[in-house]
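First comes the structure, then the notes that go with it.
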Amino acid sequence: MILFLALILLFAQNSLTAEGIRFFEGSWEEVLAEAKRTDRPIFVDAYAVWCGPCKKMAAEVFPDEKVGEFYNKHFVNVKYDAEKGEGLKFREKYPISAFPTLFYIDHTGEVLQQVKGAQTVDAFIELGRKALNRIDRSGQYAEAYEKGERDPELILNYIRALNKSGKPSLKIANDYLRTQKDLTTPFNLRFILEAASEADSRIFDLLVQYRKQIELLESPQVVKDRIKEACEATAQKAIEFRSRSLLDEAIAKMKKHYPEKTSSFALQMEMDYWSAMGDAGRYIQACKNYLKKEAAKDAKAYARLSSSIVQQFAHLPKAMAEAELMAKTAAELSNDYKNYLNYAMLLQRNGKKEQAIQAARKALDLAKPQGEQAIRMVEFYLKQLNNQR
């Protein structure tokens, strides 16, 4: 059973249309410059071409959509063959004793953490979160602030640093804004934009109130991005505290202030909420709503949600039946051997061996143009399946 689940998750994660990590091309000096310019830390995959675990991560983890979404947003990503070229130069400064070694480095060049060995998708994302939590520039400003310094630029930088490190900033921001008689100065408008970190806050209301002025200073899209980030923060807080009313507030504010993104936002948050609640029926219904309204022709989405249902609710026959249907749609939409193989395994798990064999044979036909490795993979599964007849 464990092997079955692992295989399903593997094939679903590797659907053809998934976008994984985008790796920056350039020298280490250029990487540091890009990290400083974007105020992001650096992730480095130090690998060797002969290393099996390195190949495993390159094939199974780096292409994953969740990994790409997280790492592309938060890091400048780079990979070096540590046995030649730029990799050898990198290795002179950052010694490597095993492959792969995963480095997390601040734009100052300081190592935040380094880990040896291949990681799963979830473990790899968690490593990234831990690295981000170690970047906390708020201490540069906290001491001065606590001593009574109230220079507006210092407070703005303090708020920005708190937001980046995931620490609460609303109290400090509110304390500053209460001292201001004119909130429409260019500085104060930019301050409001930075400080509106959560949708369920007075400062978010100020962002909306002065939206037109802030858009003239920055741009309409910058304001929309902040609205979305604030609503996402409130939605995640609602999920963490299991507060349906708070989630509804986040969705309502998206609908009012960023209507063109409301549908996808609300559908995604509904899935996240019911998944966190462990409610299989409502989670599956939320998945079906999302697929119908946002991803009706997206094989990647069907494969991803099928694997998510298996991962969480494999013990529930009704849930597994829904996962099977989603896997079937993913296979038919993509006409890809991996999705047909995933569909075959779900049919087998659900006691439909003859249909599983048919799906596996279809996978074999589709695998033939992909090379020997793909063919051997499907043939191995077919052999195991036939032996169980």
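The values are calculated or read from the model by the stated rules, or taken from the named source; none is laboratory data. Predicted model only: the values in this text are computed from it and were never measured. Virtual Cβ from ideal backbone geometry, glycine too; neighbours counted across all protein chains shown.
Note on region 198-245: residues that are in a helix (DSSP H, G or I), out of contact with any Pro (no Cβ under 8 Å at 6 or more places or on another chain) and over 18 Å from residue 268 (Cβ atoms) amount to 20. Being within 25 Å of the chain's Cα centre (by Cα), of a type outside the set (Val, Ile, Thr) and either surrounded by 13 or more Cβ atoms within 10 Å (Cβ to Cβ) or not assigned by TED's automatic domain parsing to the domain that holds residue 79 (or both) is not true of residue 154. Residue 19 falls short on exactly one of the conditions (1) more than 15 Å from residue 118 (Cβ to Cβ); (2) of a type outside the set (A, V, I, L, M); (3) modelled with pLDDT of 90 or more; (4) assigned to a loop (DSSP other than H, G, I, E, B), and that condition is (3). Counting only residues that are in a helix (DSSP H, G or I) and of a type in the set (Phe, Trp, Tyr), region 90-136 holds 2 of them. Once region 221-242 is narrowed to residues that are within 18 Å of residue 211 (Cβ to Cβ) and free of Cβ contacts under 8 Å to residues at least 12 places away in the same chain, the residue that is surrounded by the fewest Cβ atoms within 10 Å (Cβ to Cβ) is 221.
Any residue in region 315-330 that is touching a Ser or Thr at 6+ places or on another chain (Cβ under 7 Å), surrounded by 15 or more Cβ atoms within 10 Å (Cβ to Cβ) and not small (Gly, Ala, Ser)? Scanning region 315-330, I find at least one residue that is touching a Ser or Thr at 6+ places or on another chain (Cβ under 7 Å), surrounded by 15 or more Cβ atoms within 10 Å (Cβ to Cβ) and not small (Gly, Ala, Ser), so the answer is yes.
Among the residues of region 43-79, those that are among the acidic types (Asp, Glu) and either in a loop (DSSP other than H, G, I, E, B) or surrounded by 16 or more Cβ atoms within 10 Å (Cβ to Cβ) (or both) comprise 45, 60, 64, 65. Of all residues in region 335-351, those that are more than 13 Å from residue 385 (Cα to Cα) have Cβ atoms under 8 Å from Cβ atoms of residues that are in a loop (DSSP other than H, G, I, E, B), 6 or more apart or on another chain, in 336/15; 336/16; 338/14; 338/15; 338/16; 339/15.
The single residue among 201, 138 that is closer than 24 Å to residue 35 by Cβ and within 27 Å of the chain's Cα centre (by Cα) turns out to be 138. Of all the criteria given as (1) of a type in the set (A, V, I, L, M, F, W, C); (2) within 29 Å of the chain's Cα centre (by Cα); (3) surrounded by 20 or more Cβ atoms within 10 Å (Cβ to Cβ), the one not satisfied by residue 291 is (3).
Within region 163-187, the set of residues being assigned to a loop (DSSP other than H, G, I, E, B), within 35 Å of the chain's Cα centre (by Cα) and among the hydroxyl-bearing types (Ser, Thr, Tyr) comprises 165, 169.
There is at least one residue in region 250-258 that is among the small types (Gly, Ala, Ser), part of a helix (DSSP H, G or I) and in contact with a Cys (Cβ under 7 Å, 6 or more places away or on another chain). Yes or no: residue 296 at pLDDT below 95 and over 21 Å from the mean Cα position of the chain (by Cα)? Yes: the conditions hold for residue 296.
The set of residues in region 308-330 being assigned to a loop (DSSP other than H, G, I, E, B) and touching a residue at least 24 places away in the same chain (Cβ under 8 Å) consists of 314, 316. When 245, 264 are checked against the criterion of being in contact with a helix residue (DSSP H, G or I) (Cβ under 9 Å, 6 or more places away or on another chain) and loosely packed, with under 14 Cβ neighbours inside 10 Å, a single residue qualifies: 245. Scanning region 261-298 for residues that are without any contact (Cβ under 8 Å) to a residue 12 or more places away in the chain and among the hydroxyl-bearing types (Ser, Thr, Tyr) yields a single hit, 262. The set of residues in region 89-110 being among the aliphatic types (A, V, I, L, M) and closer than 30 Å to residue 172 by Cβ consists of 105 alone. You will find that of 233, 250, the residue that is modelled with pLDDT under 95 and closer than 17 Å to residue 170 by Cβ is 233 and no other. Looking only at region 331-355, residues that are more than 23 Å from residue 298 (Cα to Cα) and in a helix (DSSP H, G or I) come to 5 in all.
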